[in-house]
Amino acid sequence: MKIKRLFLGIAVISLMGSCVSRTDEGEKAKADYDRALSDSIEIIRQEIDSCDSRISTLRSQLNGWVGDFATVSNPREAGSYMILNSFKNKYPLSSTGLVARINDNGQFELVAALSGKPFDCIVVQGPADTATSAVVPNDQALNYRTPALTTVLFTGPAADSIGDVISDNELNPLKVTYMQRKPVQSWNIPSENARMIAYTYLFYKSTRELSRLERRVPMLHEKINLIRLHKDRSGSAQEGE
């Protein structure tokens, strides 16, 4: 009988120890989880601070740059566009050339012209980088042809990639090749045009980044609110246990 009581006592003590161990593990897991939520909030706060700092810098830059651009309209085109002041009187193009502008929706656009020959695509090449536009079929709108001059407007990701190449190689030799299934003619981009396109692209790119960050900051604040709500609910659940 004494032996049975001894084994029973050992079993009870072992069971109690197991319960205490599981309780401690559960409390540690909850504490770790709560700490992880707090760390997540702190990481998001740091990102918000970084975004706010970048937003302030971009706003200051763009406020300084906006005066370098003029908003103009062309009777042949729908809507208005922004173009660098120094090129305001050089556009629309009347001879072979390549310029950039920003339309009234904030989109970066390249306008290429070639005297006397049709084309529907361009390839821009720097010392180490090359970018190709989309093909724009002749429609007398985006691809406008007269016997003396073909003018084509390029926009979208492919045009952005050309803006990147020119911006990265502004001080290097740059060449544009006019294409229609095969090369039609090449033209060395003058440094004045390269600077104009690079500056326009930088203004566009900075404007887009500012817009993205201004949308992101409220989303980050909302994310913090959701984590806090989850944290509060987790704390309430612990109190009720």
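The values are calculated or read from the model by the stated rules, or taken from the named source; none is laboratory data. This is a predicted model, so every value here is computed, not measured. Cβ sites come from the backbone with ideal geometry, for glycine too, and all protein chains shown count toward neighbours.
Output the number of residues of region 168-206 satisfying the condition of being buried (at least 19 other Cβ atoms within 10 Å of the Cβ), among the polar types (S, T, N, Q) and touching a Lys or Arg at 6+ places or on another chain (Cβ under 8 Å).
Matching residues across region 168-206 total 1.
Would you pick out the residues in region 163-185 that are charged (D, E, K, R), more than 24 Å from the chain's Cα centre (by Cα) and either closer than 23 Å to Gln107 by Cα or part of a loop (DSSP other than H, G, I, E, B) (or both)?
Listed by number, the list holds a single entry, Arg181.
Do we have Asp160 as in contact (Cβ under 8 Å) with a residue 40 or more places away in the chain and either touching a Ser or Thr at 6+ places or on another chain (Cβ under 8 Å) or not in a strand (DSSP E or B) (or both) here?
On the way: in contact (Cβ under 8 Å) with a residue 40 or more places away in the chain: yes; either touching a Ser or Thr at 6+ places or on another chain (Cβ under 8 Å) or not in a strand (DSSP E or B) (or both): yes.
Yes.
Got a sec? Which of Glu222, Glu214, Glu209 is in a helix (DSSP H, G or I), exposed (fewer than 13 other Cβ atoms within 10 Å of the Cβ), at pLDDT 90 or above and of a type in the set (D, E, K, R)? Write out each step before concluding.
On the way: Glu214 fails: exposed (fewer than 13 other Cβ atoms within 10 Å of the Cβ); Glu209 fails: exposed (fewer than 13 other Cβ atoms within 10 Å of the Cβ).
Sole residue among the options that is in a helix (DSSP H, G or I), exposed (fewer than 13 other Cβ atoms within 10 Å of the Cβ), at pLDDT 90 or above and of a type in the set (D, E, K, R): Glu222.
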